[in-house]
Amino acid sequence: METAGEFDRYRNGNKRGNNIVPVAEAIWLTIPNSGAKCVSEEIQNNVVVLADYYVLNEEHPEHHATVSVRVTSPYGNNLHHNENVTHGLFAFTTTEGGNYLACFTLDGHQEQTTGVTLSLDWKTGIAAKDWDSVAKKEKIEGVELEVRKLKDHAEAIHNNLLYLKQREADMREVSEKTNGRVAWFSVMSLGVCIVVSVLQLWHLKRFFHKKKLI
């Protein structure tokens, strides 16, 4: 299984026109003939995730390659599973914080020796929001809509900072507990070594007394 650090990212740009909210990135994955290609992202609780994927088979258009897709939560729960597809999408709201994993594999035996390319448009949080629907529902447009986007984006950043702060506190607590256990283990190990040394000296002293060497 290959990790997410091995795929190529193709950026659509940091802004589109006067849009002040960053545009999501599209991911292109090369799916090998054997094994799986996986991507993961650490996402906090209660975040909307929206993804659209499709197979790009430009090098071998005569072959209709299909893939199997499985998306799992940090605790291994299946959130999306699809087989023998060239295109699909999934959407869910996270119920637990951690790494969410999406794995893609080629179905059956493919004749391509270099695998196929798959495009994945993965959006989370503010990037997955349908602003057209928001604008129609709340009857806002222009500068007012951009201000609303900026406000929601700032809230998302604030929530993410709070999440990172909590994670840091949790990691610090675990580190302190681990350091305390290591300290106690070191003290116990030192005590055991001292006791063993004393017993060895006592045993040697008795041995030499019996042999009348001292």
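Some observations on this one:
- Residue list for the stretch 135-159, restricted to those being loosely packed, with under 15 Cβ neighbours inside 10 Å and more than 23 Å from Ile43 (Cα to Cα): Lys136, Lys137, Glu138, Lys139, Glu141, Gly142, Val143, Glu144, Val147
- Pick from the stretch 118-134, criterion surrounded by fewer than 16 Cβ atoms within 10 Å (Cβ to Cβ) and not in a helix (DSSP H, G or I), ranking: modelled with the highest pLDDT: Ser119
- Among the residues making up the stretch 1-52, those that are of a type in the set (Gly, Ala, Ser), at pLDDT below 80 and not in a loop (DSSP other than H, G, I, E, B) are Ala4, Gly5, Ala26.
The values are calculated or read from the model by the stated rules, or taken from the named source; none is laboratory data. In this text the structure is predicted, and so the values were computed from the model without any measurement. Please note: Cβ atoms are built from the backbone with ideal geometry, for glycine as well, and neighbour counts cover all protein chains shown.
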